[in-house]
Structure formats: C-alpha cells, structure tokens
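The values are calculated or read from the model by the stated rules, or taken from the named source; none is laboratory data. Bear in mind that the values here come from a model prediction, so they are computed numbers and not experimental data. Glycine gets a Cβ as well: all are built from the backbone with ideal geometry, and neighbour counts include every protein chain shown. Calculation scope for accessible area: heavy atoms of the full protein, side chains included, ligands and nucleic acids excluded. Shrake-Rupley method; radii C 1.70, N 1.55, O 1.52, S 1.80 Å.
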Amino acid sequence: YLIDQEVTEPLARELWERKQQDVKVLHIAVDLPPNGGDTLAAYENIVKAQKALEGGRAWSIVARDYSTDPSARQNLGNVGYVTAPLPEGLYQLESAVYQTPLGKLSRIVRSDRGYHLVRTGDVRPARGEAEVAHIFLRAPKKGEPGGEAVKARIDSIHAALESGAEFETLAQELSEDTRSKARGGYIGFFGINRYAQSFEDAAFGVAKDGDYSEPVLTPTGWHIIKRISVRQPDSWEASRQAYMTRVKRMARFEDGRRAMMRRIKDQYDFVENTAVIDGYIATLPDTFLNFR
C-alpha cells in the first residue's frame, strides 16, 4: 500500500500527464565511455557545450561540434517532437524535456547513457495515434529520371479517388508497398516519430475518419494516406490502473522505490544493527546450506 501511494501512483500520474503533450526538443548528448571507463572527458565536453550555448553560439553549431548522438549529423540537434515515455535509461532526460521552461536551456542531465542538454522549442497537445492506410508509389533516387512520371501517376490515382474509386481497391491494384497492399493499404496505428515527418504531418492533418490526404512526398516515394481513426490518450480515471501496471515494469519504478526507502530511513534515523544476525551466522555449522 505504501509503495502504491508513494511511488506507483505518482509515477503513473506523471507519465499520464506527460503523454498529454508533445514537446519539440533541441538535444545535445555526450555518451559515456563503454565498459565503465573514465567519465571525466564526457563531462568536460558537455560543460564546454553548455558554456558555448550560454555564450550565444547557435545550437546547430554546438550540436555539430560536441554531440555524439548519431542523428545530430543530419538534424544538428533538432530532434523534433517527442512524447513520454522516452526509452528505458532516459527518465532523467525525459524529466528535463518536460520540466525545462519553454525556450530555456536545461541544466546538465546525466542518464544511463551519458550527459545531455535540452532546450524546448514548442509544446502542443499530444497527437496520440493515427490508424491509417496508404497507397504508395516508389520515387526514383535523387538525380535519376522518372520522377515526373511517378508524380503524374500518383496524381491520377488521387483523381480517381476524387471521382469515387474505392481506396482499398486502388491500393491492392496499384500500391507498391508489398506489405500493406494485400490489406487494402492498411498500416495500422502509429504515433509520432515513427515515419517521415511529412508522412506524419499529412496523416494527422486529415480532418476526419474516412478522408484521405493529398499526395505527399517522403524520402522513399509518394503516398496518399487514408485516415481510419485517431486514438487520443484516455482520461486519468479511465487509464489509472493501466498506467499503474505499466510503470511497475519500468526502471523508474525501482528507482522510485529505492528513493522512498532511503527517505524513510533518513526520516526515522534508521540504523542497521547487525550484531544479532552476525552472531547467529557465526553459530551455523558448515553443513547449514547443504540440503542433501
């Protein structure tokens, strides 16, 4: 009961509240050395990054120069929107994302993976999850011919939909996504940051169930996306038990349980007296743990 009141429910409520919002994040990471090596160099680098940002250097330049996050080479530290929970081992980073005031630089945060700095660029109501199907035509690689022909084909498919053609039929006949075409283009539910940003924006931009997007280009090709449904986070009352169960399987729960025990021990001046148990152990024969 005490653990539920002091640890489980507060963590569950915190996670539910965080999932009500998507946060646009700028991120710089400096990884810890592998196999428990010396962390001083990593810490010194994140401090240098912090001082450079406080001195007015552009985030993109600092991310390029200091961040060891592989994605920083492409996004220059601009992660885009994220939502809780972040992957295991990144609870401290998640807390910094949701607690740092909008536009401000966070303190240096240490996670299981390394040191981090974040700046929040925007907060929006959570997009939740969209259930979609799509019709896909693969586009030629950059510099290769045929791009205009593919665009003309996707436009003709869109025109057919506008004229009353069945989305599922066209997907089965014309889509080049071999995984989904047999199911009428059905992909299923997805949340933010799973697919290309242009695909995500188009899917969540469809106004109502059953409608479909204009042709949208991603790095792999052209898509027409049909919205089947949108699933928003449930109310706290409806989802409380599910969140309570969920957080018990997360590393943050064990961290919280240990913190609670430390707090109780400090509050009540707990001292472990080992004299009795040590004396008892000393009386045990060598065969005590031999069950044969």
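What is the residue count in the stretch 188-204 for residues that are open to solvent by less than 60 Å² (accessible area, probe 1.4 Å) and either modelled with pLDDT of 95 or more or out of contact with any strand residue (DSSP E or B) (no Cβ under 6 Å at 6 or more places or on another chain) (or both)?
So the count comes out to 9.
Residues that are under 23 Å from the mean Cα position of the chain (by Cα) and over 30 Å from N75 (Cα atoms): which helices (runs of 4 or more DSSP H) entirely in the stretch 193-280 hold 1 or more of them?
Qualifying helices (runs of 4 or more DSSP H): 236-247, 251-267.
Given L93, L105, L53, which one is closer than 26 Å to R249 by Cα, aliphatic (A, V, I, L, M) and either touching a residue at least 24 places away in the same chain (Cβ under 8 Å) or open to solvent by less than 50 Å² (accessible area, probe 1.4 Å) (or both)?
Criteria check complete, one pass: L93.
When you go through (1) touching a Phe, Trp or Tyr at 6+ places or on another chain (Cβ under 8 Å); (2) surrounded by fewer than 19 Cβ atoms within 10 Å (Cβ to Cβ); (3) closer than 30 Å to Q241 by Cα one by one for D22, which number turns out not to apply?
Condition not satisfied by D22: (2).
Count, please, the residues in the stretch 30-41 that happen to be out of contact with any helix residue (DSSP H, G or I) (no Cβ under 8 Å at 6 or more places or on another chain) and at pLDDT 95 or above.
Adding up the residues that qualify gives 0.
Take the residues in the stretch 1-35 that are in a loop (DSSP other than H, G, I, E, B) and within 30 Å of S60 (Cα to Cα), then tell me which one is farthest from the chain's Cα centre (by Cα).
P33
State all residues of the stretch 1-19 that are open to solvent by 50 Å² or more (accessible area, probe 1.4 Å) and among the aliphatic types (A, V, I, L, M); if no residue qualifies, say none.
L2, I3
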